[in-house]
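A.B. asks: Structure in structure tokens, see below.
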Amino acid sequence: MMLGFYGTGNMATAILRGVLSSGLLCAEKLMIYDIDTSKTAALSNETGVQAAMSPQALISACDTVLLAVKPQILPGVLNENAPVFSQKNPLIISIAAGKTLDFLQSQLTSPARLVRVMPNLNATVGAAVSAFCGNEYATTADLAFTEKLCKSFGTALALPESQFSIFGVLGGCAPAFVFLFIDALAAAGVKNGLPKATALSVSAQSVLGSAKLLLESSEHPRELIDRVCSPGGTTIEGVLSLTHDGFEAAVQNAVQAALEKDRRL
């Protein structure tokens, strides 16, 4: 099994590091290509993976090709390399947002084994949540490998493509919402005397620990809220203040706004 990365941006590099650190594949089984040869040279020297001299060389050598280019560039990549894709018939995995399986197939000249993966920024620390789905030509083995690939840099979830838009908002946009929440908590800490670095550390660790508790618990979030809120205590006072100020509605409105924007793209 040879896995090729077409593009070496931040997300592709995070995935590659996950593949290596998890032991899914060794460096000798990985190949990279980028139009910026200085990037491929640096990454190859650092990790020991092979650098392809051309897109055609990458595709010809690899059983699986992960397309990690910007959505607006993707059609050109597929069109220009359609003959070699047709000849080699690798599994093609795309992480381009908004580009459907039907769109990907429409840019090629022959039926292809296609899988879409939607990772998020947290792949950079091995904690992404990724959704994946395949077209009619993707085999059970293709999907099984994709799941292992996603799990090398986080968690994986098989979803129908019709649910990718809302997943993209919850998985892709939510980190920014969470960062905003953490920064707001930290700002309140600074207002009340904590150094900014301390306030950020405490706020981030509280969010991290709370998420871990929820994921490892069988309890509903509301039950966990009740466990933290003592009668007449400080936490219930803060929770009621958030509710009064429309915290939940603001979050839901943000998700809806992002989803509607995604549908307009």
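Read-outs: derived from the displayed coordinates by stated rules, not from any lab. Here the structure is a predicted model, which means the values were calculated and not measured. Glycine also receives a Cβ, built like all others from the backbone with ideal geometry; neighbour counts cover every protein chain displayed.
A.B. asks: Under a cut-off of 30 Å between alpha-carbon atoms, report the lysines in cross-link reach of LYS196, not counting same-chain residues fewer than 8 places apart.
C.D. replies: Qualifying lysines at Cα under 30 Å: LYS212.
A.B. asks: Any idea what Rg and Dmax come out to for segment 1-72 if you just take the C-alpha atoms, in Å?
C.D. replies: Every Cα atom of segment 1-72 included, Rg and Dmax give 10.8, 32 Å.
A.B. asks: Once you've got the GNM for the chain with C-alpha springs shorter than 10 Å, pick whichever of SER206, SER110, SER152 has the biggest mean-square fluctuation.
C.D. replies: SER206
A.B. asks: Can you tell me the orientation of helix 174-191 relative to the chain, as the angle in degrees between its alpha-carbon axis and the longest Cα principal axis, to the nearest 10?
C.D. replies: Its long axis makes an angle of about 40 degrees.
A.B. asks: Rank-order 39-45, 2-8 by packing density, defined as the average count of other C-beta atoms within 10 Å over each peptide's residues, highest first.
C.D. replies: Highest to lowest by the protection proxy: 2-8, 39-45.
A.B. asks: For the residue pair GLU260 and ALA184, what label-to-label distance in nm results when each label sits 7 Å from Cα along the Cα-to-beta-carbon direction?
C.D. replies: Label-label distance for GLU260 and ALA184, simple model: 2.0 nm.
A.B. asks: Per residue, how much space in cubic angstrom lies within the convex hull of the C-alpha atoms of the chain?
C.D. replies: Considering the Cα atoms of the chain, their hull volume per residue is 153 Å³.
A.B. asks: May I pose another question? Please list 3J(HN,Hα) in residue order for segment 148-159, calculated via the Karplus relation 6.51 cos²θ - 1.76 cosθ + 1.60 where θ = phi - 60°; whole Hz, with x for glycine and proline.
C.D. replies: 4, 4, 5, 6, 6, 10, x, 10, 10, 9, 7, 9
A.B. asks: Something else: Top mean-square fluctuation among GLN205, GLN56, GLN87, Gaussian network model of the chain, C-alpha springs under 10 Å?
C.D. replies: GLN205
A.B. asks: Something else: If I model a spin label as a point 7 Å beyond the Cα along the Cα-Cβ vector, how far apart are those points for ALA27 and ALA211 in nm?
C.D. replies: With each label placed 7 Å out from Cα toward Cβ, I get 3.0 nm.
A.B. asks: Over segment 69-170, with a single point scatterer placed on each C-alpha, what log10 of the ratio I(q)/I(0) does the Debye formula yield at q = 0.10, 0.13, 0.20 1/Å?
C.D. replies: For segment 69-170, the Cα-only Debye profile gives -0.26, -0.45, -1.03.
A.B. asks: List the GluC sites (Glu not before Pro) within segment 88-191 that DSSP assigns to loop and that have no more than 13 neighbouring Cβ atoms inside 10 Å.
C.D. replies: Sparse-neighbourhood loop GluC sites (Glu not before Pro): GLU136.
A.B. asks: Then there's this: Could you tell me what a quarter of the Cα convex hull surface of segment 195-265 works out to, in nm² with one decimal place?
C.D. replies: The number I arrive at for segment 195-265 is 7.2 nm².
A.B. asks: For q values of 0.17 Å⁻¹, compute log₁₀ I(q)/I(0) with the Debye formula on a Cα-only model of segment 1-126, without solvent.
C.D. replies: So the normalised log intensities work out to -0.82.
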